[in-house]
Amino acid sequence: MKNEIKIYLAAPRGFCAGVDRAIEIVKKALDKYGSPVYVRHEIVHNKNVVESLKKLGAVFVEELSEIKDASRPVIFSAHGVPKKIPEEAKLKNIFYVDATCPLVSKVHRETEQLFKRGFDIVLIGHKNHPEVIGTMGQLPEGSIKLIETVQDVKNLSFSKPVAYVTQTTLSVDDTKEIIEVLKKKYPDIKGPIKEDICYATTNRQIAVKKIAPNCEMFFVIGSRNSSNSARLVEVAKKSGCKNSELIFYGKKAPIDKIKNCKTIGLSSGASAPEELVQNFISEIKENMKVSIEEIVTANERVVFKLPKELN
């Protein structure tokens, strides 16, 4: 007799509009220009996505200097790039298509406007994340101060008016604490007109928060270098499911642990394909009698237009 288990499936989960658009840009570019098409950095942080695009003829590089044939197009990843990268491409006469997520581009524009208006700028984000490197690279070096923790706020000192922006894939709760401390220290600090943390990140976190308290274990399908996936695991733990873990490329489902559960929760990061979620469920079904309840906390209808070069 197989043990019975209930899976609470978070919705929304998986691909967001920015990821959908970025992957579509690579596919469309391959259709239009043939292969190879170069992609600077992983187009989105997911090994499965990257491997499937490699099979279609995409070649992934970390820097433009690695491009073997400058007559081929290059695509900039969804995370955004520092200003110097398009400038370098122009100097080398490389044709590029920018797949930066429009919500990341919004943060880039905000920082430029704030800088022009004479603000000192604080960026809440994770050091060395490509999105943070891209945002800080919109302005001259030293124009943006990066903070990662409440502790970092104590080390700030500014003489000019202060404004803050945030990385789009952070946890809403973590940034809330940092923003509160910033506002205490700088009562007149200027925040974004519209929240920087992206709608998809927020929606996925809300869904996890709702489900996690009812689960003995919680699983997030996503890559180790995916910021939003890592945040979902943290949110599940903070919301009452201490046994929460990330299932990344090549990691096997811990079936022995799952067999001891009556209820588990399941979600996926914004760059994880739905087929990985379904594969995970199929593996559990081979070992247990499964019932699934999808918990829907939001309906997403956001679609971003493709760049004009590909229309």
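Values quoted throughout were computed directly from the atomic coordinates according to the rules given, and no laboratory measurement underlies them. Values in this document were obtained by computation on a predicted structure and should not be read as measured data. For neighbour counting, all protein chains shown are included, and Cβ atoms are generated from backbone atoms with ideal geometry for every residue, glycine included.
What to note about this one:
- For the peptides 263-274, 212-223, the ranking by mean Cβ contacts within 10 Å, running from highest to lowest, is 263-274, 212-223.
- Descending by average beta-carbon neighbour count within 10 Å, the peptides 100-109, 200-209, 287-296, 244-253 line up as 200-209, 100-109, 244-253, 287-296, the highest first.
- Of the options (i) 1.00; (ii) 1.05; (iii) 1.09, only one is Rg/Rh (Cα atoms, Kirkwood Rh) as computed from these coordinates, and that is (i).
- Net +/- balance of residues flanking residue 246 in space, Cβ distance below 12 Å, scoring K and R +1, D and E -1: +2
- A Förster radius of 41 Å, combined with the Cβ-Cβ distance separating residue 183 from residue 245, puts the computed FRET efficiency at roughly 0.75.
- With a Förster radius of 30 Å applied to the beta-carbon distance between residue 176 and residue 92, the computed FRET efficiency rounds to 0.10.
- Spatially, the stretch 265-286 and the stretch 168-224 are offset by 23 Å when compared through their Cα centroids.
- In range of the label at residue 252: residues from the stretch 217-236 whose backbone nitrogen is under 19 Å from the point 7 Å along Cα→Cβ: 219-222
- For the chain, share of DSSP beta bridges that run antiparallel, in % to the nearest 5: 0 percent
- Descending semi-axes in whole angstrom, ellipsoid equivalent of the stretch 102-197, from the Cα gyration tensor: 17, 16, 13
- Filter on 145/176; 145/194; 2/251; 84/308; 2/55 - keep pairs with C-alpha separation over 29 Å: 2/55
- Its Cα centre serving as origin, the chain has a Cβ charge dipole (Lys and Arg +1, Asp and Glu -1) of approximately 260 debye.
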